[in-house]
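Asks: One structure, pasted below without further comment.
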Amino acid sequence: MKKFLLILLCMAFLTSLSFAQGETVMDYWYPRSMGSASLTEYEDGSLGIQGRTMDWNSPGHDFDLIAGNQYSFKVEVFQDEQTEAQMILSVAHTKDGTESYENLAFAKAKKGEWTTLEAGYVAGDFDRFVIYIETLGAPTLAYQFRNFTFTGVEAVFGSAETGSETTEVPSLKEKFQDYFAFGTAVTQNEAYNRQRMDFYASQFNIMTPGNELKPDYVLDVSASAKLAAEDECQAAVHFDRVKPLLTYAWEHGIKIHGHVLVWHQQTPEAFFHEGYNISKPLVTREVLLGRLSSYTEKIMEYLEENYPGMVVSWDVLNEAIDDQTGQLRDSKWLSIVGEDYPERAYEIARKYAPEGVQLYYNDYNTAYEPKQTGIVHLLERLLADGTVDGYGFQMHHDLSQPSVDQIRKSLERIAALPLKLRVSELDLTIPDNQEATLEKQAAKYKAIFELLLPYRDRLEAVQVWGVTDDLSWRAWGYPLLFDHNAQPKPAFYAILETLPE
Ligand code: XIL
């Protein structure tokens, strides 16, 4: 037994030292399965997996990653059994014996073609990391992979390298200080990297947790189920995932925009069922509103007790309007509570939010009809109720759509209402990252900022949805102001040009 352990330890040691930066790693892969799957080495150096019975059965490889450090992975995959197969590059990580998973990159592998999967990843706080290549909806598929490369990214934060010259990156929050707060979304793993966070703090004075204040992170389902045995209207919450970011923000005087209380996505299905048990019937309107009250009260209380004054605003309701009809979209909130669920959600939020906290409605595609009209009608309803303070334009745009003119009209239309405004989730995808395309992206970013500046009196914040392209939720489209090395892109300089000298 001891000898076996020793061999395992040596292997772990070897695997973590056996490759250099950007080197191809084809050694020490093993099959992840209950015993049925196996790996085969081919003459061309690729590895194949067969005997799979589940989607997660896959080639896996341990990596020694450091929390907060940034890595990139790239691999080519091949399958010859079906017209197309959904492949995923994932990480399984373990903390104190509990394994959890993140999908890092998706690609559809066409029959007979080598297809690339590529992902940037900032390591979270875990004891063990296994990178693996799995499928979605193809549990028995046999496939091959080759040229797996692993690189530790050494981003240069805070200085711009142009040719032989190094200059300091201007600060967005300082440049725009007479106009609006400048913010970004930050996700959990980024918060572990001190250097990265210090750079963010130099650029931004408001941050939104990109996922970690959403119900699927905050609601503690098993603790809620225990409470429900006594009182169905109770909800239990936990904040472990968001703490690193909140602590950093607190220590550095950064404000937080909370996102989000009521949403049709990223909300555990259990929230809507008796006993928080998805095999039981749906709860009644009274119970769901009771749970929302309890949930909202506990979040507001926790934040105000631990970080008084830091959370300045909340997206109470997110994306409630349907793109096609302009009506309230179909959701459990609508079907269980009824047509007035938005009013009730804001009423509850108003009751428990500390004084002065601004309550926003947040949505995307504001530039299109019939959605725009639907959003305006919803805002009018909430204004009549006296509970909403502002509207957040998500602005997840691309190069061609919506047009600058459509964006201008949507700003004018919403600004006609007596509301505070924010751009809550700005990003702008492009088809490639060639110089000419980056210039086009810069021009559109600039045009958007030219539209925004005149609204300075009511525009509380402009927030990009992430900082560096590789960590964006739309990384395939290079949508942000900094590249993967944290170097400012043409778009960064272009938005500064909108400011008077
Ligand atoms: C996105 C996050 O950035 C991703 O990491 C997550 O996988 C999905 O959600 N509109 C919203 C945000 O309101 O919450 C979404 O964030 C992006 C679209």
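The values are calculated or read from the model by the stated rules, or taken from the named source; none is laboratory data. Computed from a prediction, not measured in an experiment: that's the story for all the values here. Reconstructed Cβ throughout: ideal geometry from the backbone, glycine too, with neighbour counts over all protein chains shown.
Asks: For the range 128-150, give me each residue that is under 22 Å from SER72 (Cβ atoms) and either more than 25 Å from the chain's Cα centre (by Cα) or part of a loop (DSSP other than H, G, I, E, B) (or both).
Replies: Hits for the range 128-150 are TYR143, GLN144, PHE145, ARG146, ASN147, PHE148.
Asks: Looking only at residues in the range 355-394 that are in a helix (DSSP H, G or I) and within 15 Å of the ligand (Cβ to nearest atom), which one is surrounded by the most Cβ atoms within 10 Å (Cβ to Cβ)?
Replies: First pass over the range 355-394, keeping only residues in a helix (DSSP H, G or I): 371-385.
Now narrow it down to the ones that are within 15 Å of the ligand (Cβ to nearest atom): 371, 375.
Numbers: LYS371: 20, ILE375: 24.
Going through the qualifying residues, I end up with ILE375.
Asks: Conditions first: (1) buried (at least 21 other Cβ atoms within 10 Å of the Cβ); (2) away from the ligand (no atom under 16 Å from the Cβ). GLN177 passes all but one, so which condition is the exception?
Replies: Against the list (1) buried (at least 21 other Cβ atoms within 10 Å of the Cβ); (2) away from the ligand (no atom under 16 Å from the Cβ), GLN177 comes up short only on (1).
Asks: So, one more: If we scan the range 329-339, do we find a residue that is more than 18 Å from LEU246 (Cβ to Cβ), buried (at least 21 other Cβ atoms within 10 Å of the Cβ) and touching a helix residue (DSSP H, G or I) at 6+ places or on another chain (Cβ under 6 Å)? Write out each step before concluding.
Replies: Taking the range 329-339 first, the residues more than 18 Å from LEU246 (Cβ to Cβ) are 329-339.
The next check asks that each one be buried (at least 21 other Cβ atoms within 10 Å of the Cβ); those that pass are 333, 337.
Next, from what is left, pick out any that are touching a helix residue (DSSP H, G or I) at 6+ places or on another chain (Cβ under 6 Å): 333, 337.
Yes, that holds for at least one residue.
Asks: Return yes or no: is ALA415 closer than 20 Å to TYR493 by Cα and either more than 13 Å from the ligand (Cβ to nearest atom) or surrounded by fewer than 17 Cβ atoms within 10 Å (Cβ to Cβ) (or both)?
Replies: On the way: closer than 20 Å to TYR493 by Cα: no; either more than 13 Å from the ligand (Cβ to nearest atom) or surrounded by fewer than 17 Cβ atoms within 10 Å (Cβ to Cβ) (or both): yes.
Taking the combined requirement at face value, the residue does not satisfy it.
Asks: State which residue pairs qualify: first residue closer than 22 Å to ASN365 by Cα and inside the range 324-338, second residue of a type in the set (Val, Ile, Thr) and not in a loop (DSSP other than H, G, I, E, B) in any location, beta carbons under 7 Å apart, and separation of 6 or more residues or different chains.
Replies: Hits for this filter: GLY326/THR373; LEU328/ILE321; ARG329/ILE321; TRP333/VAL262.
Asks: While we're looking at this one, here's another question. Taking the range 222-238 on its own, how many of its residues are closer than 15 Å to GLU297 by Cβ and part of a helix (DSSP H, G or I)?
Replies: Going through the range 222-238 one residue at a time, the tally reaches 2.
Asks: Can we say GLU165 is free of Cβ contacts under 8 Å to residues at least 12 places away in the same chain and farther than 20 Å from ASP198 by Cα? Walk me through how you get there before you give the answer.
Replies: Details: free of Cβ contacts under 8 Å to residues at least 12 places away in the same chain: yes; farther than 20 Å from ASP198 by Cα: yes.
Answer is yes for this residue.
Asks: Name the residue that is surrounded by the most Cβ atoms within 10 Å (Cβ to Cβ), counting only residues in the range 470-492 that are free of Cβ contacts under 8 Å to residues at least 60 places away in the same chain and either charged (D, E, K, R) or outside the structural domain of ASN205 (by TED's automatic domain parsing) (or both).
Replies: Here the residue is LYS489.
Asks: Right, another one. Looking at the structure I just gave you, is TYR341 more than 16 Å from the ligand (Cβ to nearest atom) and at pLDDT 95 or above?
Replies: On the way: more than 16 Å from the ligand (Cβ to nearest atom): yes; at pLDDT 95 or above: yes.
Yes.
Asks: Next question, about the same structure. Restricting to the range 1-45, give me the number of residues that are more than 20 Å from THR149 (Cβ to Cβ) and either modelled with pLDDT under 55 or not assigned by TED's automatic domain parsing to the domain that holds PHE73 (or both).
Replies: Of the residues in that region, 13 qualify.
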